[in-house]
Amino acid sequence: MSFEDEWASVRSTSTANVSMRLNQVAPEPGGGGGGSADLSVDQDKLGAIGSAAYALHGRLAKDGNHARTSTTEAGTGLSSHGFLTGSALSTVQETWSSQLNTLLDACANISNHLDYSAASHAKEEADIAAALSTSKINEYLK
C-alpha cells in the first residue's frame with residue numbers, strides 16, 4: 001500500500017468517527033434557558049477587592065520607596081568615585097521607581113473602578129426597584 005492510499009484510508013476512518021466537542025463548563029443543575037442572563041454583582045466581593053487594592057496601594061506607596069534615599073545616595077557616591085556601578089545603581093533605582101509608579105497607578109485604578117462599579121450598580125438597582133414599584137401602582141390605578 002502506498003503512502004497516499006494509507007493516508008486516504010486513515011483520513012476517511014478518522015472523519016467517520018468525529019463528533020463535535022466544545023470546551024465549556026458543565027451546566028449547573030436546574031439551569032434552564034429562557035433567555036435570562038446570569039449577570040449578578042456581589043457588592044461584598046467588589047468591596048473586598050476594592051479594599052484590598054486600596055490597602056495594597058497604601059503599603060506600596062510606603063514600603064516601595066523604603067530604600068530610595070539610600071540607593072540614590074549610594075549610586076551618587078559610587079559615581080563620584082568613578083565606579084560604573086554607581087550609574088548602574090542609579091539606573092536600577094529609576095527603573096524601580098517607574099515600575100512602582102505603574103503598579104501604584106494600577107492599584108488606584110482598580111480601587112477607583114470597583115468603587116464606581118459598586119456605586120453605579122447600587123444606583124441602577126434603586127432605579128429598577130423604583131420603576132417596578134411605580135408600575136405596580138399604575139396597575140392598581142387602572
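Here are a few things to note about the model shown:
- Using only the C-alpha atoms, the convex hull of segment 60-142 corresponds to 63 Å³ per residue.
- Solvent-accessible area of residue 94 with every protein chain in place, 1.4 Å probe, in Å² to the nearest 10: 120 Å²
- The packing ranking, built from the mean of other Cβ atoms within 10 Å per residue, places the peptides 56-68, 118-130 in the order 56-68, 118-130, highest first.
The values are calculated or read from the model by the stated rules, or taken from the named source; none is laboratory data. This is a predicted model, so every value here is computed, not measured. Cβ: placed from backbone, ideal geometry, glycine included. Neighbour counts: every protein chain shown. Calculation scope for accessible area: heavy atoms of the full protein, side chains included, ligands and nucleic acids excluded. Shrake-Rupley method; radii C 1.70, N 1.55, O 1.52, S 1.80 Å.
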